[in-house]
Amino acid sequence: MNKDRVEGKVKDVAGRLERQAGEWTGDPKKEVEGAAKQVEGKVQNAWGKAKDAAKKEPNPPSSKPPQTVPETADADEEASKVRSSRR
């Protein structure tokens, strides 16, 4: 969890409280300010989540195909058969 996610969540909760207080007191200005702060917090939290997800992404694939490596002795035997048949 990074700094943006924490700060975003704090702004979201603070905005929710401010908006709710505006509703209870009948102050539309507080409601709007609280809603704006809440949206700002949600956006910042989403940005932090995106940054965390980007860090977890594996490195981009290289342009070379993966190399195959024989895993058993049977593969070594087959490789030697192929070599001997080419002669």
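The values are calculated or read from the model by the stated rules, or taken from the named source; none is laboratory data. Keep in mind that this is a model prediction, so the values were computed, not measured. Every residue, glycine as well, gets a Cβ built from its backbone with ideal geometry; the counts of neighbours run over all protein chains shown.
Okay, here's what the table says:
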| quantity | calculated |
| --- | --- |
| Residues within region 24-42 that are in contact with a Gly (Cβ under 9 Å, 6 or more places away or on another chain) and either in contact (Cβ under 8 Å) with a residue 40 or more places away in the chain or surrounded by 13 or more Cβ atoms within 10 Å (Cβ to Cβ) (or both), tallied | 13 |
| Hey, K37 modelled with pLDDT of 95 or more, over 26 Å from K3 (Cβ atoms) and either in a helix (DSSP H, G or I) or not charged (D, E, K, R) (or both) or not | no |
